[in-house]
Amino acid sequence: MGRRLRLLAGLAGVVFVSVQGPHAAAQTLDDLDVAERNVAELEGALDRATAAYEATWAQIEATQVELEALQHDVRELERAADQAHQLLASRARAIFMRGTTFTMQTLLTSRGSQAAVERAGMIAALQVRDGVRIERADAASTALQQARALVEDREASLEQLRARLEEDARELRSQLDAAQAETAAIRTLVARQRRIDRDEQQGIYSCIFDRGAFHFRDTWGAPRSGGRRHRGTDVFAATRAPVHAFTSGVVQRHSWSGLGGLGLYVRGDDGNVYYYAHLASIDPTGRVGRRVVAGEPLARNGSTGNATAGAPHVHFELHPGGGSAVNPYPWLAAACL
């Protein structure tokens, strides 16, 4: 029983692994290595937490076996205590019925002194045996009380441990789901990004549409109605296709005009301003004042303003330093093609 006591008491000190929430998502390719290390650390922590969870369940199963054995001991002690008390009660009734003169009569009716001595010894032995039985009955009663208290205590501890495990399991599952979603978001984001090192285009950039789902060509300066010249690049894609941030920066403002329709301006970390026109809608991630990351969805492709519904596209402009527009085609080609 001592071993069971140590095992059961030890369960009260089981330590659960606590896993912190997922790390902040990588924002650019520069952060990818750090993000991957963070994800690997989180996955390792989750593995350790899962191992601790499984080990604890194994302890619980072992403890349940010990508890069942302890409950068996309680039943055995109950039977032993009952038998001891019944025997003592029977002896007490017999002595009472025979009266206090029984012992003297037994000795006097003995044939000879030797027989009297033998009967006296037998009576003394019976008294000693009765005394031992009383002690055993008392010990059995004490052990029974202790065992019952131990069973009640360990059953309560086991129930608390089970509840704690269930709560930790739910938290572990939640953290694992969040980590997997975080990892998927990081990989999706950085898959759109490209490090570019050419002339004035330096840093991390992303095509404004997912690769393979768009087409465009260099139409800078092409004639337009009203004697205008084309001052950007039209990038064609499906209606309401996600429109991504060309580079990291801050959403500067939204606009609406009969020519450009619904528009959005992003001031990039590179100091340039990028203009998206003919949008169908702007996502919550594209709200004014929000910091955006290269490749992050900002809006939906459309044909608002001076554009035809049969050819939804984004009219994309590049304004170096926020000044006059220059041909964005080489910049788009470097990021998209």
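The values are calculated or read from the model by the stated rules, or taken from the named source; none is laboratory data. No experiment lies behind these values; they were computed from the predicted model shown. Note: ideal-geometry Cβ built from the backbone for every residue, glycine included; neighbour counts use all protein chains shown.
Here are the numbers for this structure:
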| item | result |
| --- | --- |
| Complete set of residues in segment 308-337 that are touching a Cys at 6+ places or on another chain (Cβ under 9 Å) and in a loop (DSSP other than H, G, I, E, B) | 337 |
| Among residues of segment 141-157, those that are aliphatic (A, V, I, L, M) and modelled with pLDDT of 75 or more, counted | 3 |
| Matching residues, segment 192-217, being of a type outside the set (Val, Ile, Thr), farther than 20 Å from residue 312 by Cβ and either more than 35 Å from the chain's Cα centre (by Cα) or exposed (fewer than 14 other Cβ atoms within 10 Å of the Cβ) (or both) | 195, 197, 198, 199, 200, 201, 202, 203 |
| Complete set of residues in segment 215-244 that are in a strand (DSSP E or B) and free of Cβ contacts under 8 Å to residues at least 12 places away in the same chain | 223, 224, 228, 229 |
| Residue in segment 148-157 that is farther than 30 Å from residue 79 by Cβ and touching a helix residue (DSSP H, G or I) at 6+ places or on another chain (Cβ under 7 Å) present | no |
